[in-house]
Each structure stands twice: as C-alpha cells, then as structure tokens.
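Chemist: I have a structure I would like to understand better, so I am pasting it below and will then ask my questions one at a time.
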Amino acid sequence: MVKIVIFFKRKAGMPVEAFQQHWRTVHAGIITRLPGIRRYVQSHVLLTSYRTSEPAYDAVAESTFDDTQAMKSLVGTAAYAEVLADEPNFIDRSTMQSIITDEHVIKDHAAPADGLKSITLMTRKAGMPIDAFFTYWHDIHGPLCAGVPAMRRYVQNPTRRSIYDSGRTPAFDGAAMTWFDSLDALRAAAPTPGFARLREDVEQFVAQDKSPSLLTQEHVIVA
C-alpha cells in the first residue's frame, strides 16, 4: 500500500467553516468515486487554532492506494477530472503540496472517537543524511513516543526513499501523526517528564522552524 499526504490552504477570502463544510461534503463525495482508492482521511485544523494566528495549512488529506501505479492510473479519468474541477472552489491551489509515504504504525491503538489528531510535517536538521534521519526517527524517537500514555496512537509517514534517489527534493521528509483523547489530554501531558524528554529528543533530528504542526479533527471518509 502507498499513501499520498496532501496539505493545503483554503482559497482567499473563504471562511474556515465554509471551507471545511465544502471539503467534508461536496469534495469528499467526489473523492469517494475515484477508482482504486482504498482509504481517504480528512484532517481539519481546529477552529480554536485560528484565534491567535493563521495556521501553516488548513487541511491535510490522506489517500491510500494499492501501489503507485494505481495512483498514476487516475490521470486522464473522468473521476479525477471532477476532483480537479472542484478544487478551485475551496482550495488555494498555489499552496498545495504533497509527499508520498509508506505508513509505519508505531503505537497501534485505536484512534479515539472524536479525539485530537496532531500532525507535524517533518524536516530533518540541516546536514543530516536522510537515512540517518529515518533511522533515528523510527528507532530512537518512535519508542519514546510509544511510551507516553497520553499518546493513544502514533504513526510515522516517512517520505518514500525513491523520491530522494530520483534527485527530487520533497516538500517535507515525512509526517508524524499522533492521536490524543482530547485537547485537554494533550495539555495535561505537556508538562510531564515524558513530554519533556520528547521535546529534547526532537532537537536531535528535526529542524523545528521548518516543521509546522497542526492540531486537527480527523474524519475518515473511506475506511
């Protein structure tokens, strides 16, 4: 299985609520008609996130297919043309970026119903080889996250190695996704020693000024 993670902003002047409504209803209905899509998940940035500043992105979409050929075969289909035609109705397409990943489930608990999903788009520290980044993230940081009780589920989505082998530079080196019971549960965990250890460890391999984090509500459209 292969997953494409897409992140983007709403079109200029569109209220966040209207953007989220269109994406979850009209656009979601179009996506479900795509041939070969196995799973489709929308993550909507919490409305409370807009009280103090404008988030880096308004939305993160995850689409899973059997393989990359299944994704490529969408090009030229009527269903995919319908997706593209609808995007300008609610998306600022100049902000759209994506990474192609293989999902690594580190903590395999069920995502809490109506819980909080934190998404961090990862950029490795300057000068760190990509393989060293992937190894550190999975082997060192992953177990630290799994050991924090408040983290109900934890999934790493590293950008596919083939992207780098082809000479391309991806938008991000991966996406970390963490589920909590609620925003209050995250706030309660933040001052604990386990979280302090995570924050300290992140400094070892992540360029935090280039790794935006989003607090979201997850909506599974295609399970």
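The values are calculated or read from the model by the stated rules, or taken from the named source; none is laboratory data. From a predicted model like this one, the values you see are computed outputs, not experimental measurements. So basically every Cβ, Gly included, is an ideal-geometry build from the backbone, and we count neighbours across all protein chains shown. For accessibility, only protein heavy atoms count, side chains too; no ligands or nucleic acids. Shrake-Rupley method; radii C 1.70, N 1.55, O 1.52, S 1.80 Å.
Chemist: Taking the Cα centre of the chain as the origin and placing charges on Cβ (Lys, Arg +1; Asp, Glu -1), which of SER63, ASN157, LEU74 is farthest toward the positive end of the dipole?
Modeler: LEU74
Chemist: I'd like the distance separating the alpha-carbon centroids of the range 109-187 and the range 1-40, in whole Å.
Modeler: 22 Å
Chemist: Right, here's the next one. Cut-off under 16 Å on the C-alpha distance; same-chain residues fewer than 8 positions from LYS9 excluded. Which aspartates and glutamates are left, in chain and number order?
Modeler: Straight-line reach from LYS9, under 16 Å: GLU17, GLU54, ASP58, GLU62, ASP86, GLU87, ASP92.
Chemist: Heavy-atom accessible area per residue, the range 13-105, 1.4 Å probe: how many Å²? Each step should come with its number before you reach the end.
Modeler: Numbers: 4580 Å² over 93 residues.
Per-residue accessible area for the range 13-105 comes out at 49 Å².
Chemist: So, one more: How would you classify the range 112-223 from its alpha-carbon gyration tensor, with a ≥ b ≥ c the square roots of the eigenvalues: rounded for a/c under 1.5, else prolate if a/b is greater than b/c, otherwise oblate?
Modeler: It is oblate, given that a/c is not under 1.5 and a/b is not larger than b/c.
Chemist: Hey, can you grab everything whose amide H is under 5 Å from the amide H of ILE221? Only 5+ residues off in sequence or another chain; H modelled, so Pro and N-termini drop out.
Modeler: TYR40, VAL41, GLN42
Chemist: For the range 121-223, give the magnitude of the charge dipole about the Cα centre (Cβ charges: +1 Lys/Arg, -1 Asp/Glu; no others), in debye to the nearest 20.
Modeler: Its charge dipole is roughly 120 debye.
Chemist: Here's a follow-up. What does the C-alpha gyration tensor say about the overall shape of the range 1-143? Classify as rounded when a/c is under 1.5, otherwise prolate if a/b is larger than b/c, or oblate.
Modeler: oblate
Chemist: Then there's this: Go ahead and set up a Gaussian network model of the chain, Cα springs under 10 Å, then flag whichever of ALA146, ALA185, ALA110 fluctuates most.
Modeler: ALA110
Chemist: Can you send over the carbon and sulfur percentage of the accessible area for the chain, probe radius 1.4 Å, protein chains only?
Modeler: 53 percent
Chemist: If a paramagnetic tag sat 7 Å from the Cα of VAL222 along the Cα-Cβ line, which residues of the range 19-52 would have the backbone N under 11 Å from that point?
Modeler: Only 29-41 fall inside the zone, counting backbone N under 11 Å.
Chemist: Given Cβ point charges of +1 (Lys, Arg) and -1 (Asp, Glu) and nothing else, what value in debye, to the nearest 20, does the dipole of the chain about its Cα centre take?
Modeler: Working: 24 positive and 25 negative charges, 28 e Å.
For this selection, approximately 140 debye.
Chemist: Grab the other residues whose beta carbon is less than 11 angstrom from that of VAL206, score K and R as +1, D and E as -1, and report the net.
Modeler: The answer is 0.
Chemist: Sticking with this one: With a sphere of radius 12 Å drawn around the Cβ of ARG33, what net charge do the other residues whose Cβ falls strictly inside it have (Lys, Arg +1; Asp, Glu -1)?
Modeler: Result for the local shell: -2.
Chemist: Also, quick follow-up: Find out how many positive minus negative residues lie around LEU144, taking Lys and Arg as positive, Asp and Glu as negative, among other residues whose Cβ is under 13 Å from that of LEU144.
Modeler: Neighbour charge sum, excluding LEU144 itself: -1.
Chemist: Would you please classify the overall shape of the range 82-151 from the alpha carbon gyration tensor, given that a ≥ b ≥ c denote the square roots of the eigenvalues, rounded means a/c under 1.5, and beyond that prolate means a/b larger than b/c while oblate covers the rest?
Modeler: Judged from the Cα gyration tensor, the range 82-151 comes out oblate (a/c at least 1.5, b/c at or above a/b).
Chemist: Here is a follow-up. Helix 193-202: angle to the longest alpha-carbon principal axis of the chain, degrees 0 to 90, nearest 10?
Modeler: Helix 193-202 and the main axis of the chain meet at about 70 degrees.
Chemist: Another one. Please list the non-local residues whose amide H lies under 5 Å from the amide H of ASP173, H modeled 1.01 Å from N, same-chain partners needing a gap of 5 or more.
Modeler: HN-HN under 5 Å from ASP173: MET122, THR123, ARG124.
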